[in-house]
1. Quick one: in segment 358-370, which of the residues that are in contact (Cβ under 8 Å) with a residue 12 or more places away in the chain and part of a loop (DSSP other than H, G, I, E, B) is surrounded by the most Cβ atoms within 10 Å (Cβ to Cβ)?
2. Inspect all residues belonging to segment 148-158 and state whether any of them is out of contact with any Ser or Thr (no Cβ under 9 Å at 6 or more places or on another chain), modelled with pLDDT of 95 or more and under 19 Å from H255 (Cα atoms).
3. Which condition does K5 not pass, out of (1) touching a Phe, Trp or Tyr at 6+ places or on another chain (Cβ under 8 Å); (2) more than 11 Å from the ligand (Cβ to nearest atom), if it passes all the others?
4. Scanning for something among the basic types (K, R) and without any contact (Cβ under 8 Å) to a residue 40 or more places away in the chain, does segment 27-36 turn up at least one residue?
5. Does T73 qualify as being more than 14 Å from the ligand (Cβ to nearest atom) and either more than 30 Å from V400 (Cβ to Cβ) or modelled with pLDDT under 95 (or both)?
6. Condition first: more than 13 Å from the chain's Cα centre (by Cα) and more than 6 Å from the ligand (Cβ to nearest atom). Now tell me which residues in segment 30-47 satisfy that.
7. Specify the residue that is nearest to A246 (Cα to Cα); the eligible residues are those in segment 100-126 that are of a type in the set (G, A, S) and within 13 Å of the ligand (Cβ to nearest atom).
8. Hey, among S27, S52, which residue is more than 14 Å from the ligand (Cβ to nearest atom), part of a loop (DSSP other than H, G, I, E, B), at pLDDT 95 or above and not acidic (D, E)?
Amino acid sequence: MLDSKPRVVIVGGGFGGLGAAKALRKSNVEIILIDRQNHHLFQPLLYQVATSVLSPGQIASPIRGILRRQRNTAVILGEVTGVDTDRRRVFVDSVDREGVAIEYDHLILATGATHSYFGHDEFARFAPGLKSLADAVSIRNRVLLAFEQAEAEEDPQRHRDLLTFVLVGAGPTGVEMAGALAILVRTALRSEFRRIDPTLARVILIDMASRVLGTFSEKLSAAARRQLEKLGVEVRLGHGVDRIDADGVSVAGEHIASKTVIWTAGVTPSPAGKWLGGATDRAGRVRVQPDLTVPGHPEIFVVGDTASLDQGGHPLPGVAQVAMQQGRYAGRLIHRRIGGRSAPPPFRYFDKGNMAVVGKGFAVLQSGRLALSGLLAWMAWAAVHLEFLAQSSLRVSVFVQWVWTYLTGQGGARLIVNYHGSVVDDVRTPSSSAQQPMPVRMGETEHRQRAS
Ligand SMILES: Cc1cc2nc3c(=O)[nH]c(=O)nc-3n(C[C@H](O)[C@H](O)[C@H](O)COP(=O)(O)OP(=O)(O)OC[C@H]3O[C@@H](n4cnc5c(N)ncnc54)[C@H](O)[C@@H]3O)c2cc1C
C-alpha cells in the first residue's frame, strides 16, 4: 500500500536533488520532490543564454518530464520556507497556498546557492548576477538593448558608455561570459548595425585576485588570460570594485562608465542552514557528517552547494559533480537503510577535473596532473557538457546549435523579450490555508498523519 511506504522528501530539483531522486528510482518509497521552479537548469551553460548562443529551452527541462517514468516520485512546484525537525515536516508555499506542511521520514535538502554581493547588496540593482534562466534572459536583454540604444544615439560619448560591458568576478562564470561577449560583438553583431561599429565595444573583466580562474593552475590561468586578451577583453586584476551605480563602476580610484555591469563574483548558500538551526560554515553552508546527514538527525541529508564537507583538509567545491555525487550517495544510503542493509562507507568525492571555456574553440582543463588548454580541451569541455544535459533532445539541439554557430558565427537567440507580470502572483490567494495539508498526488487529497 502506498501510504505504508516510507516517504522521502527532496527539496530542489537541481543536480543534487535529481541525483538523489534517480538513485531511489527502484526503491520501495514514496518520493516527493519539491522545487520552486518547474525545471531543472543546466547552470554551466547559462552564460550561453545570456550571450545569445543558446535559447533558454535548450538548457532547461521540466523536472516532471525528466522523472516521468519514475512511478514512485511526485513533483510539486512550490517554495520550501522552513523545516520542523521535531515533527518531521517541511513548509511549502505553492502556487495558491502558503505554509503547507508536508511530512517526511527522510529529508534531502538540495537547495543550491545564489549570488552574493559580499555585503554590498546595493550593487544588485545595477549589476545583475547569473543564476537562473530569468537572470540569463534579463542579461541578454540588457546587452542587446545597449546595442539598440547606441544605434539610435547621436552622441558618440554615449556610444562609448553604452558599448562598455563590465564583468565583476574572473572565476569560470566571468571568464566564460567575457569570452562569449567578445565573440558576440565581433561576429554575430558585426554586420548588423549601420551607425555604430559593434567591434569597438569594450569588454572589461575585473577581479581583486591576482589572476583569472584562481582555482586552476597558474599555467592554465595565464593561458586563459592570454586567450581573453587575444579576444580583446580588458583584464583588470588586483583591485575589487569600490562602487557600482547606474553610471558604471569605480575601481582603484578610476571610474569606468558603463551601462551594463554584470556580477559574476561570489555565491551564498540557500537558507537551509537557518531552517535547520544547526552548525554552518562561515559562508552559511550546513555542516554535514561524512554520510551527508546533519548531526543529531540521521534522517536529514544536505547535499550540493548548500552543504559543507571537508575532504583532504579542504572544503569540497560548489560544483555540479559534487552535487550529483552527493545526491546519488544520499539516495543510495536511504535505499540501503530501508532495505535493512548496512550503511555504505562515508561519502568520498571523485574529482574528475575542472574546465572553463574561453571563447570559440578554446578551453582550459585540469584533471589531476593533466593540464590542457586549447582546442582539445574545448572538445573535452563540449563532450562533457553535452553528456550532462538532462535529456537527449537537449543534447541533439545544443550540439546542432554549436556546430551551426561554429561554422557560421551566428548565435541562437538574439531576442529582446520583456516578461511582464507573473502567473504566480495572479493566481495566488495569500489568505488561503496556512499550514494546511496539500494534495501530494493526483487523487490523494487527504493529508497523511504520521506518528512522531
Ligand atoms: C553561471 C553558473 C555557471 C556554472 N558553471 C559550472 C561549471 O561549468 N561546472 C560545474 O561543475 N559547476 C558549475 N556551476 C555550479 C553548479 O551549477 C552548482 O554547483 C550546482 O548546480 C549545484 O547543484 P545543487 O543541486 O546543489 O543546486 P542547484 O543545481 O542550484 O539546484 C537547486 C535547486 O533547488 C531549488 N530551490 C532552491 N531553493 C528552494 C526552495 N526554498 N524551495 C524549493 N526549491 C528550491 C532551485 O530552484 C534549484 O532547482 C555553475 C553555476 C553557475 C551559477
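1. V358
2. no
3. (1)
4. No, segment 27-36 contains no residue that is among the basic types (K, R) and without any contact (Cβ under 8 Å) to a residue 40 or more places away in the chain.
5. Values: more than 14 Å from the ligand (Cβ to nearest atom): yes; either more than 30 Å from V400 (Cβ to Cβ) or modelled with pLDDT under 95 (or both): yes.
Judged against the criteria, T73 is a match.
6. Residues satisfying the conditions are E30, I31, I32, L33, N38.
7. By that ranking, first place goes to S116.
8. S27
The values are calculated or read from the model by the stated rules, or taken from the named source; none is laboratory data. Model, not experiment: these values are computed from the prediction. Here the Cβ is made from the backbone with ideal geometry for all residues, glycine too, and neighbour counts use every protein chain on show.
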